[in-house]
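Each reported figure results from applying straightforward, stated rules to the coordinates on display, with no laboratory input. What you see is a predicted model; the values in this text were computed from it and never measured. As a convention, Cβ positions derive from the backbone with ideal geometry for all residues, glycine included, and neighbour counts pool all protein chains shown.
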Amino acid sequence: MSRMPAVLLALVLVASSLPARGDEAGIPWGGLGKEDQRLMKPLRKEWEGLSPERRERLREGAERWRSMTPQERALARERYQRWNSLSPQERDAIRRRSDEFRRLSPGEQQRIRERYQWYKSLPQEQRRALRNRWQSLPSRQRSGVIQMPKAGAPGNMPPFHQRDMGRGMPRGR
């Protein structure tokens, strides 16, 4: 498999996460640098039909791609392959969750990021136990189950985890 599709999708994914900016006319293909043109070659025929905002995001994505380390590029390619292997339904579900996340307040987004980092820091066995327990709960009991750990709490873990270590998440409160 050519690396170009992986690079292109990674570029599109990176570009779609950047804020749009640009002038009314957009960047013409000839206005791109040689390296940008090489990276975005598969988009050449449709370039003029893209919105100015999309062109600018793609150009910024190409700039970001060039600034990535080889390890970051490898990770982007890996993510592309994972994304490409998902069904359309799975992609739609991810897009919906991403849209929901973006609609949250910055504080709520930060809280979720911190919870995710906390979860990823747990040993695999504890993550598995939490995941199994979570999946076994009825959906009505899932909301509000997890509380953020308090700063300075022992092990930076929420109270339920200290109490129920190894048993997963508690029933709804």
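Under the classification rounded if a/c is under 1.5, otherwise prolate if a/b is larger than b/c and oblate if not, where does segment 36-138 fall, given a ≥ b ≥ c as square roots of the Cα gyration tensor eigenvalues? Prolate is the answer for segment 36-138, as a/c is 1.5 or above and a/b outweighs b/c.
For E48, what charge total do you get from the other residues with a beta carbon under 13 Å from its beta carbon, if Lys and Arg give +1 and Asp and Glu give -1? Net of charged neighbours comes to +3. Taking a ≥ b ≥ c as the square roots of the eigenvalues of the Cα gyration tensor, segment 59-113 is classed as oblate, since a/c reaches at least 1.5 and a/b does not exceed b/c.
Note that segment 63-78 has calculated 3J(HN,Hα) couplings of 4, 5, 4, 5, 7, 6, 6, x, 5, 5, 5, 4, 5, 4, 5, 4 Hz, one per residue in order, obtained from phi through the Karplus relation 6.51 cos²θ - 1.76 cosθ + 1.60 (θ = phi - 60°); glycine and proline are x. Can you tally the net charge around A62? Count Lys and Arg as +1, Asp and Glu as -1, for every other residue whose Cβ sits under 12 Å from the Cβ of A62. My count for the surroundings of A62 gives +3.
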